[in-house]
Every structure is written in structure tokens, then in C-alpha cells.
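A.B. asks: After the C-alpha cells below, expect a handful of questions from me.
Where a number appears in this text, it was derived from the coordinates with a stated rule and is not lab data. Remember, predicted model here, so these are calculated numbers, not experimental data. In this analysis, Cβ positions are derived from the backbone assuming ideal geometry, glycine residues included, and neighbour counts consider all displayed protein chains.
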Amino acid sequence: MTPAQPPKVITRHRDGRIHAYVIESGASGTLEPAAVFQPQAGDEAVESVVRPDMERVVYTTLNRVVCLTRAGDLVWASAFEPHSDVRHGHRPGCALSVDGRTVWVYRPDAMAGRGGGDQWVVYDADSGQVLARRELETVGHGASHHVHPVDGSIYLDVGEGQDGSVILRGTAGADGEVEFVAYPWWDRCLIDLAPGGEQFMTVDHGQADVAFHRHPSGDVLFTLPVEAFGYDPEETFVEWSGGYLTPDTAVVTLGGETEDGEEWFRFHLIDVRTGRISGEMAAEAAHPYDVEPLGDGSWLTDGPVRRFRAPVPSTPPHPTR
């Protein structure tokens, strides 16, 4: 049984400010921000995370990580040294642990021109003290964090552009020591963790298949290549998007081009208990990356707008030419 979790909080950056939204049970339609945070003067937030109580925000810029109160008072800040004047190609990311005690920050130092490889740094959420630091053998442009809902471990997926993708996991023990584990792949992109945390979903970096893995070992439960969906693998690919719609159902996005050069995409549903493809989802999405499944039968599209699944008629396996 999955333990009760605090309401999910997401952020969006608009007009130089950080808008925080609470995903309330049953709420649908366009969401209204529960809080709005103003970064410090001169700061351009790249990524951000807000505590469930809305009292603090943590955000990264190209050169530092900052924690502010809701009133805008500085709690702590930590600069990425040395200062980088590189403006593009690197996006530092951040995540808050499930217990709210630590902040995990990915530093793409190689692409920022700081020398050496990237870093993954763990901060005390209240004081900003560095608790752990992992030197990475990656040259990433950015990374996505995924917080395990049960054991509190943190997954990190580092995107290295055409060179592939590296997946790591960090775990804080009872003694406060942090253990970092690297999975033995360079060609799989982490898409999502199951709502109960028992498995996770990856897509081949070459976009040839989707796989589902046991947590935490990474052992493959099953893999679905493009052909399994009834498409020609020479013309169709798996997008690096989708995720868990419910504990038992995942969304896999496939796309391609018609003979006329028009791009198309479709959202396929997978029963993760059996590995069976179980139909399609009408997501009302503007593009293949406009769907963020929330694990409770709903998903977000741009706005943000929260939508719930409704029964849809079956459709042919191939797009209309």
C-alpha cells in the first residue's frame, strides 16, 4: 500500500516569477496558482521547487541555488564556482526530498565551462549546508530529478545530447550518509516512477522502444519495441515523454511524419501488470511533450490544465495519410 502523500506541488515560470500550483484531489480544468514567488533581483530561475506548505521556494539559476521565504526573504544561497559566462547549453536542476529535509541540485559544470565533470550536490534544506557531493563522469546539458514516493531515494537522469543519457540514484541512510548508485546504461532515458514506487519507465535514447524496470535494481520487467504498437520502426519512434497515468497504467507516446511531412503523435496505454497494450488516450495535447501524467488517473497539459481520462472510441493503429 502506498502511504499517504502530501498534495503534489508543481511550478511554472512566467514573467520572471515562479508560480506554484497545488494539485488538489478531484480538481480539474485550468489551475490557479496557490502562491507566487519573486526571485531575487538579477536572478533568472531555471528550475524551481516549492515546499507543500508554500512557505519556501528553492530555485536554480545558471550560477547558483537560492532558497527564499514566501515573503521574499533570503534563507540561504550557494554559488556555483567558478562563475560561468556561458549562457546556453546547461540547465542546473533541483529537487526537494520527500521529507523536505534536503535539496538535491544537479550542476552541469562541464557544459558551463567550469572545468571537470558535472556534480550532484545535496544541501540541508534549512541551512544550505552541503551534506554530500558526487562528482559525475558526465557532460550533461541538463537533468531531471524523480523523487521516490516511498523510500525517499532520488533518481537523476542526465541528458548528454547525442552522447546518450545516464541514470543515477541517491539514497540518504539513517546515519545521514548519502549513497550514490549509477545504473549501467548510457542509452536509456528515465521518464517516470510508478506512483507506488515499485517500478520505473525508460525510453531508448535512440527511441526504438520503451521499457519498464523493477525498483531499485533496474531489472527489466518487459520491453515494447515500436513494432509492438503496429508501426513501422523505420518511420515511427517512441517519444521521450509519457509516464504513469495510474499505478497500473502507463502512457507511451509514439510519433513520426506522414508522407506529406506532417508530424503526428499518439498516446498509447500500457497495462504495466501484464505488459499488454490496452488502447489509446485522447489527451487534448498540443505536442508530444504536453502531457504530464500524475499517477492518479489525471494529467497536466500547458496552462497548466488538469484533465481526467474519459472513454474514447478505438482508432486504427496508423495515422491517416
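A.B. asks: Most exposed first by the Cβ proxy, i.e. fewest other Cβ within 10 Å, how do Tyr183, Tyr21, Tyr59, Tyr289 rank?
C.D. replies: So the ranking, lowest neighbour count to highest, is Tyr289, Tyr183, Tyr21, Tyr59.
A.B. asks: Another question, if that's okay. Reported to two decimal places, what Rg/Rh ratio describes the chain when computed on Cα atoms with Rh from the Kirkwood expression?
C.D. replies: Value, to two decimals: 0.96.
A.B. asks: Could you work out which residue, out of Pro108, Pro216, Pro293, moves most in a Gaussian network model of the chain, that is, has the largest mean-square fluctuation with Cα springs under 10 Å?
C.D. replies: Judging by the Gaussian network model, the answer is Pro216.
A.B. asks: Another question, if that's okay. Sorted by packing (mean other beta-carbon atoms within 10 Å per residue), highest first, where do 73-80, 173-180, 148-155 land?
C.D. replies: In decreasing order of mean packing, 73-80, 173-180, 148-155 become 148-155, 73-80, 173-180.
A.B. asks: Ok, one more. Could you size up the charge dipole of the range 1-186 around its Cα centre, putting +1 on the beta carbon of Lys and Arg and -1 on that of Asp and Glu, and report it in debye to the nearest 20?
C.D. replies: 380 debye
A.B. asks: Among Val130, Thr171, Gly261, pick out the residue whose Cα is farthest towards the positive end of the charge dipole of the chain, where Lys and Arg carry +1 and Asp and Glu carry -1 on C-beta, about the Cα centre.
C.D. replies: Looking along the dipole axis, the top candidate is Val130.
A.B. asks: I would also like to ask the following. Gain in length, Ala41 to Asp187, computed as 0.36 nm per residue apart minus the alpha-carbon separation, to one decimal in nm?
C.D. replies: 48.6 nm
A.B. asks: With a point put 7 Å past each Cα toward its Cβ, work out how far Glu81 is from Val305 in nm, to one decimal.
C.D. replies: 4.9 nm
A.B. asks: Where the centre of each part is set by its Cα atoms, how far does the range 1-58 sit from the range 76-97, in angstrom?
C.D. replies: Centre-to-centre (Cα) distance: 20 Å.
A.B. asks: If each of Asp73 and Lys8 carries a label point 7 Å out from its Cα toward its Cβ, how far apart are those two points in nm?
C.D. replies: In this crude label model, Asp73 to Lys8 measures out at 3.3 nm.
A.B. asks: Please identify, among Gly142, Gly242, Gly29, the residue showing maximal mean-square fluctuation in a Gaussian network model of the chain using a 10 angstrom Cα cutoff.
C.D. replies: Looking only at Gly142, Gly242, Gly29, the largest GNM fluctuation is found for Gly29.
A.B. asks: Could you list log10 I(q)/I(0) for the range 201-321 at q = 0.12, 0.18 Å⁻¹, which the Debye formula gives when each Cα is one point scatterer?
C.D. replies: The Cα Debye sum returns log10 ratios of -0.42, -0.96.
A.B. asks: Counting Lys and Arg as +1 and Asp and Glu as -1, each charge on the Cβ, what is the dipole of the range 165-287 about the Cα centre in debye, to the nearest 20?
C.D. replies: Using only the charged Cβ atoms, the result is roughly 640 debye.
A.B. asks: Gaussian network model of the chain, Cα springs within a sub-10 Å range: biggest mean-square fluctuation belongs to which of Phe222, Phe37, Phe212?
C.D. replies: Of Phe222, Phe37, Phe212, the Gaussian network model singles out Phe222 as fluctuating most.
A.B. asks: Which is farthest toward the positive dipole end of the chain among Val50, Thr60, Pro304, measuring Cα position about the Cα centre, with Cβ charges +1 (Lys, Arg) and -1 (Asp, Glu)?
C.D. replies: Val50
A.B. asks: How charged is the neighbourhood of Arg91? Take every other residue with its Cβ under 15 Å from the Cβ of Arg91, and add Lys/Arg as +1 and Asp/Glu as -1.
C.D. replies: So the surrounding residues net to -3.
A.B. asks: Among residues other than Val36 whose Cβ falls under 13 Å from its Cβ, what is the net charge (Lys/Arg +1, Asp/Glu -1)?
C.D. replies: Its environment carries a net charge of +2.
A.B. asks: Write out the trypsin sites (Lys or Arg not before Pro) in the range 256-306 meeting two conditions: DSSP loop, and at most 12 other Cβ atoms within 10 Å of their Cβ.
C.D. replies: Arg273
A.B. asks: In percent, what relative contact order does the chain have, based on Cα pairs under 8 Å that are 6 or more apart in sequence?
C.D. replies: 9 percent
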